[in-house]
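The values are calculated or read from the model by the stated rules, or taken from the named source; none is laboratory data. Bear in mind that the values here come from a model prediction, so they are computed numbers and not experimental data. Here Cβ is always computed from backbone atoms with ideal geometry, including for glycine, and neighbour counts include all displayed protein chains. Just the protein is used for accessible areas: all its heavy atoms, side chains included, with ligands, DNA and RNA removed. Shrake-Rupley method; radii C 1.70, N 1.55, O 1.52, S 1.80 Å.
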Amino acid sequence: MRARTLAAVLLAGGLALTACGKEGTPGDTGGTAPSQAAATDVKIDGSPTFDKIKARGRVVIGVKEDQPGLGFKDPTTNKYSGFDIEIAKLMAAKIGYGEDKIDYKAIASAGREQALINGDVDYYVGTYTINAGRKEKISFAGPYYTAGQDLLVRADETAITGKDTLKGKKVCSVTGSTPIKKIREEGLTEPENITELQTYSQCVAKLADKSVDAVTTDDAILKGFAAQEQGKFKVIGKPFSLEPYGIGLAKDDTVLRGKFFDILEAALKDGTWQTIYDNTLGKSGSAATKPIIERY
């Protein structure tokens, strides 16, 4: 997610530095959508990635495992869940591979491009922002979700209605993150009102005990926290940046990329995308704007 250093591990009830999503409790992994039946007799001629998948008999998907609500591996059951996981499963099902034919491979943000270049994963779904620099090395299908910097506040908050109402308010995010730099550089609140901590969970704890008035980062992350404790927090819902999340693929596999574009467009039209959202990030109580697919 841009230059943001978000790499995290869910430990002792806390999200480490790069977690994107809500904190979870054992067994609470952010929701799942109804299973997709695997398509049969799928042919994707000209896709080297699909040829590898067919030869292997399984699909290997790069994901995050530390982002409840988005991509999270339950330490007790070892099952994966979240919005990104459901999108990954949808792609697999539509090219002929059900859940029993999926191998998830957790790849940290810094290693995503190389994992795709090396062929370590067939594709990657994990809060992966589409940008020009990354397109020089790999390709993307999407966006399947358009995130943006937003604000998490207490449910009864009325004074904060957007970024322009932060003056005099205490705002928290992770140390050195792009969101908190934006708050500081644009003077959205006074320097003494800015709090930087090591984890988002620490910021949310400060929000809960009223030590700060708002937490800021991508809205997908904030929706995860709101979903974790429904009725306690809310996302303002007025993003002030754009982070289009895409499915990462090998740069030269234009055929599979085209297939994924088709699958995403169909899911947006037939209600599948909405069902996935409602069963995961939608539990935050925040509505989502459907992304607009950008083919290339």
Quick one: length gained pulling Thr158 to Thr76 fully straight, 0.36 nm per residue minus the C-alpha distance?
25.6 nm
Anchor Lys52: aspartates and glutamates whose Cα lies under 17 Å away (excluding residues fewer than 8 positions away in-chain)
Asp41, Asp103, Asp120, Asp122, Asp252, Asp253
Counting only protein heavy atoms and using a 1.4 Å probe, what share of the accessible area of the chain belongs to carbon plus sulfur, as a whole percent?
49
So if I place +1 on the C-beta of Lys and Arg and -1 on the C-beta of Asp and Glu, and nothing else carries charge, what would the dipole magnitude of the chain be about its Cα centre? I want it in debye, nearest 20.
220
Above-threshold pairs, the threshold being 27 Å between Cα atoms, out of Lys73/Lys170; Lys182/Lys238; Lys64/Lys283; Lys79/Lys182; Lys101/Lys251; Lys89/Lys269:
Lys73/Lys170; Lys79/Lys182
DSSP bridge orientation in the chain - percent antiparallel, rounded to nearest 5:
60
Say each of Ala287 and Asp270 gets a label point 7 Å from the Cα, pointing the same way as Cα to Cβ; how far apart are those two points in nm?
2.5
C-alpha center-to-center spacing [the range 143-200, the range 41-78] in angstrom:
34
For Leu151, the residues 5 or more places away or on another chain with a placed amide H closer than 5 Å to its own amide H are Ile236, Gly237, Lys238
Residue-normalised accessible area of the chain, expressed per residue, 1.4 Å probe, Å²
41
Taking a virtual spin label 7 Å from the Cα of Val255 along the C-beta vector, which residues in the range 90-106 bring their backbone nitrogen under 18 Å of it?
92, 94-97
By how many degrees, 0 to 90 and rounded to 10, does the Cα axis of helix 219-228 deviate from the longest principal axis of the chain?
80
Options Tyr124, Gly69, Val255, ranked by Cα towards positive dipole end of the chain, top entry (Cβ charges):
Val255
Roughly what would the spin-label model give for Asp100 and Asp45, points 7 Å off Cα along C-beta, in nm?
3.1
